[in-house]
1. Among the residues of the stretch 71-83, write down those that are assigned to a loop (DSSP other than H, G, I, E, B) and buried (at least 16 other Cβ atoms within 10 Å of the Cβ).
2. For the stretch 140-177, enumerate the residues that are aliphatic (A, V, I, L, M) and under 16 Å from residue 191 (Cβ atoms).
3. Return yes or no: is residue 172 assigned by TED's automatic domain parsing to the domain that holds residue 36, of a type in the set (Gly, Ala, Ser), more than 26 Å from residue 252 (Cβ to Cβ) and surrounded by 17 or more Cβ atoms within 10 Å (Cβ to Cβ)?
4. Looking only at the stretch 48-55, decide whether some residue is farther than 20 Å from residue 177 by Cα, in a loop (DSSP other than H, G, I, E, B) and in the same structural domain as residue 26 (by TED's automatic domain parsing).
5. Among residues belonging to the stretch 90-140 that are part of a helix (DSSP H, G or I), under 21 Å from residue 62 (Cα atoms) and small (Gly, Ala, Ser), point out the one that is nearest to the chain's Cα centre (by Cα).
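The values are calculated or read from the model by the stated rules, or taken from the named source; none is laboratory data. Worth saying up front: this structure is predicted, and the values here are computed from it rather than measured. Note that we place each Cβ from the backbone using ideal geometry, even for glycine, and neighbour counts take in every protein chain shown.
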Amino acid sequence: MMARERKDYFYRKAKAEGYRARSAFKLQQINKRFRLIRRGDAVLDLGAAPGGWLQVAKEISGGRVVGVDLQAIEPIDGVTTIKADITAPETLELITDALGGKADVVICDAAPNLSGNWTLDHARSIDLSRSALRVAGEVLRPGGNFLVKVFQGDAFLDYLSEVRGNFRRAQSHSPAASRKESAEMYVIGQGFVSSPVKVGDVLELEIVSVGKSGDGVAEVEGFNVFVPGTAVGDRVQVRIRSIRSGHAVGAAEMPRAEPE
């Protein structure tokens, strides 16, 4: 064991209190401040090994808690664990079956295998965090919460913007239990906005009305998508840029088609 870890206060505290990792205190501190997990919540933990966050999530919630990791997780009383890749599409079905419904909270403290090349490691961290956000978008109930670890770097703000596009509130936070020299940051999304479209979707839409700001408005399953620079009757290819409570904002990616 590294000398730094032997001397680390939270490492010793975790050992003394029976937690599997010092990161357990990060989740405790974050939850005390933001109240992401509440009593009775169904919680999904992505990249859950060795299980420190699972222990804390179960203590706080007392409800259904599911953990997923590439590594096998030693059993925890009342917790369901799945050995699978969170980036693989087929894992979603395993998660859905284990949850037995929607999750109230999705948490992820996963980190990529580090290469020592910071640019590469940051990119891998962002990719992993995007996988966590995609899973959250599939399993969270409307109004649910999200917590994910991300390494700071050039793409951090873009990722934070993506989270903001799926939640009513989103911010970054570094708990006291994070090591001062660490480049990790936690991104918190509160109030999941359920919609039939997702950020990054490209759709063929017809503009059916105009909003108060003058932007064209299309509808997807009764959900409004505002498309600046368009007019009623236009048929356009639209990329979804952001999602807010009750509507989305998109950008037309092809020249406007003249109405017939």
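1. Going residue by residue through the stretch 71-83, those that are assigned to a loop (DSSP other than H, G, I, E, B) are 71-78.
Matches in the stretch 71-83: 73, 76.
2. Filtering the stretch 140-177 down to residues aliphatic (A, V, I, L, M) leaves 140, 147-148, 150, 155, 157, 160, 163, 170, 176-177.
Of everything in the stretch 140-177, those that are aliphatic (A, V, I, L, M) and under 16 Å from residue 191 (Cβ atoms) turn out to be 140, 147, 148, 160, 163, 170.
3. On the way: assigned by TED's automatic domain parsing to the domain that holds residue 36: yes; of a type in the set (Gly, Ala, Ser): yes; more than 26 Å from residue 252 (Cβ to Cβ): yes; surrounded by 17 or more Cβ atoms within 10 Å (Cβ to Cβ): no.
Taking the combined requirement at face value, the residue does not satisfy it.
4. Kept after step one, since they are farther than 20 Å from residue 177 by Cα, are these residues of the stretch 48-55: none.
No: the stretch 48-55 contains no residue that is farther than 20 Å from residue 177 by Cα, in a loop (DSSP other than H, G, I, E, B) and in the same structural domain as residue 26 (by TED's automatic domain parsing).
5. Within the stretch 90-140, the subset part of a helix (DSSP H, G or I) is 91-99, 118-139.
With under 21 Å from residue 62 (Cα atoms) added as a condition, the list becomes 95-99, 136, 139.
The next check asks that each one be small (Gly, Ala, Ser); those that pass are 98, 136.
Values: 98: 19, 136: 5 Å.
By that ranking, first place goes to 136.
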